[in-house]
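Below is one structure, written out as structure tokens, with a few remarks after it.
Values quoted throughout were computed directly from the atomic coordinates according to the rules given, and no laboratory measurement underlies them. Here the structure is a predicted model, which means the values were calculated and not measured. Cβ sites come from the backbone with ideal geometry, for glycine too, and all protein chains shown count toward neighbours.
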Amino acid sequence: MPPEPHPNRPSQPMWRIAIAGGGVAGLSLGLALKHALGDAVETTVYDPALARDPSGDRRAFALAAGARRMLQALGVWDAIDAGAQPILDMIVTDSRLADPVRPVFLTFEGAVEPGEPFAHMVESGALTAALLGACRAAGVDLQPVGVRGFTSEREAVRVERADGASEEATLLVAADGARSRLREEAGIGWVGWSYPQSGIVATVAHERDHEGRAVEHFLPSGPFAILPLAPGGPLGHRSSIVWTERNDAAADLLALDKDAALAEVERRFGLQLGHIALETELRAYPLAFGIARRFGAERLMLLGDAAHVIHPIAGQGLNLGLKDAAALAESIVDAVRLGLDPGGADVLAAYERARRFDTVAMGMVTDGLNRLFSNDALPVRLLRDLGLGLVDRMPVLKRFFIREAAGLTGATPRLMQGEAL
Ligand SMILES: Cc1cc2nc3c(=O)[nH]c(=O)nc-3n(C[C@H](O)[C@H](O)[C@H](O)COP(=O)(O)OP(=O)(O)OC[C@H]3O[C@@H](n4cnc5c(N)ncnc54)[C@H](O)[C@@H]3O)c2cc1C
């Protein structure tokens, strides 16, 4: 298909990639394309949320080493490095809430390569603000408006904006989150289920240094994770908690006043980091597993949570979305450099090949872990504790798990290896 000529340089073909959704996945894709292709591609990100300042968003994510390498290759990491906390080691315990001691069944030292931690904790607002700054500098067109729908034709897709205007593009990428309107409009099926659990998150201030240690307490209602944040806050040190509870219990917890909520956090958090205080209020998210039956349709591709949603037990949802962005950018860039249509069926097939197996595998692993650990039956507890103890004695297996958590197993897109496209 002959692309439209560039208005100012008729000899230069110009492709137009439209991205609906300016979350971390959508912005990373837009930036990666501009970074590699410059003026050969026009990239527009549409999202009503672009009208808001993201920097107040205090939710924190565990970003795997592969994702950090990608952000470094895209020139974004330096802007967030000072506020990012490396995870230096991790311990796993398995006990009931009332147990007086929580025996440690598994320990990990967190380096994927010497001097390279397997993950960092970063705050969502800081990451989004850094991506937005880099997108502006690279010339990504940021439109603070939603996408209402689209019409695919053989050679282009018409993008219908929520303000009534419409624009033509070579490819439309749906990065519009778990309840993707565009995925639905494309008629792409969704296989999945809701968990009877919610993920409660908050930032906890504490007196003592966590020394970069992440702690995962497997409690009968689900995992309670304590993830280290960069120093700061009223008590000098801070951690993020991701706390899985049954839905009814989560609703009761959210209804508590501040002191009672703190007392419940304290029962799970423990006193090993000294006196604690809640720096943010508790917020709960419904938890679900789901994966799109296809990752695209004619001139439409799904990215991030629009393509898959997984349990946060391993902190991998956004990391999968960034891996999608790295893989899709690679397929598009390779096609453009070969003079091929970046919205064509070959690019979709390459993207689907690169991402499908990895996504299904991670979804199944997180689902299995949640079922195994959100369970108080004695035989199950004995078996899983035996399993954890065995893994703890096998350095090769531990190393494999660390590389898996770092997003560096299987087919790793070039950006996630830290290479430029
Ligand atoms: C409790 C909890 C803890 C988690 N912890 C981690 C973690 O530690 N590490 C990790 O990797 N992942 C984690 N995750 C998963 C992570 O939060 C998600 O995977 C990630 O935020 C999805 O990013 P996204 O860019 O795909 O979608 P979103 O962040 O959902 O972004 C979608 C964007 O699309 C926009 N949009 C919606 N509709 C339209 C439209 N019609 N047109 C234009 N724009 C539109 C929205 O405004 C939004 O900005 C966690 C999830 C939960 C629930």
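Positive end of the dipole of the chain, charges at C-beta (+1 Lys, Arg; -1 Asp, Glu), about the Cα centre: which of S180, L338, A134 has its Cα farthest in that direction?
Sorting the options by dipole projection puts first L338.
For the stretch 229-241, just list the computed ³J(HN,Hα) in residue order, Karplus coefficients 6.51, -1.76 and 1.60, θ = phi - 60°, integers in Hz, with x standing in for Gly and Pro.
Karplus-based 3J(HN,Hα) across the stretch 229-241 equals 10, 4, x, x, x, x, 10, x, 9, 9, 9, 9, 10 Hz.
Could you check which residue among L182, L254, L303 shows the biggest mean-square fluctuation in a GNM of the chain with a 10 Å Cα cutoff?
Largest GNM mean-square fluctuation: L254.
Taking the dipole about the Cα centre of the chain, with the C-beta of Lys and Arg at +1 and of Asp and Glu at -1, give me whichever of T359, F150, S166 is farthest to the positive side.
The Cα lying farthest towards the positive end belongs to T359.
Would you order F269, F357 from fewest to most other beta-carbon atoms within 10 Å of each residue's own beta-carbon?
On the way: F269 20, F357 12.
Ascending number of Cβ neighbours within 10 Å: F357, F269.
Take the chain, connect every pair of alpha-carbon atoms lying under 10 Å apart with a spring to form a Gaussian network, then pick out the residue of L338, L88, L369 with the largest mean-square fluctuation.
L338
Using the number of other C-beta atoms within 10 angstrom as an exposure proxy, rank M364, M416 with the fewest first. All intermediate terms of the calculation are to be shown ahead of the outcome.
Numbers: M364 13, M416 26.
Ascending number of Cβ neighbours within 10 Å: M364, M416.
Using the number of other C-beta atoms within 10 angstrom as an exposure proxy, rank Y351, Y285 with the fewest first. If you can, show how the numbers build up before the last one.
Details: Y351 23, Y285 13.
Ascending number of Cβ neighbours within 10 Å: Y285, Y351.
Would you please give the residues with an amide H less than 5 Å from that of D94, counting only those at least 5 places away or on a separate chain, with H modeled from the backbone geometry?
F105, F218
If each DSSP helix of 4+ residues adds -39,500 (n - 2.57) and the sum is divided by the residues in the chain, what number results at 222 nm, nearest 500 deg cm²/dmol?
-11000 deg cm²/dmol
For the stretch 227-344, give the magnitude of the charge dipole about the Cα centre (Cβ charges: +1 Lys/Arg, -1 Asp/Glu; no others), in debye to the nearest 20.
Working: 11 positive and 15 negative charges, 61 e Å.
Dipole of the stretch 227-344, to the nearest 20 debye: 300 debye.
With point charges of +1 on the Cβ of Lys and Arg and -1 on the Cβ of Asp and Glu, referenced to the Cα centre of the stretch 266-366, which listed residue (L320, A288, V347) lies farthest in the positive direction of the dipole?
Result: A288.
To the nearest 20 Debye, how big is the dipole of the stretch 125-214 about its Cα centre, given +1 on the beta carbon of each Lys and Arg and -1 on that of each Asp and Glu? Show your work: numbers first, answer last.
On the way: 10 positive and 13 negative charges, 38 e Å.
Approximately 180 debye in magnitude.
When the dipole is taken about the Cα centre of the chain, and only Lys, Arg (+1) and Asp, Glu (-1) are charged at their Cβ, what size is it in debye, to the nearest 20? Before the final figure, lay out the partial values.
On the way: 42 positive and 53 negative charges, 126 e Å.
Value, rounded to 20: 600 debye.
Which cross-chain or sequence-distant (5 or more) residues have an amide H under 5 Å from the amide H of A288, H modelled 1.01 Å from N in plane?
Distant-sequence amide H within range of A288: Y195.
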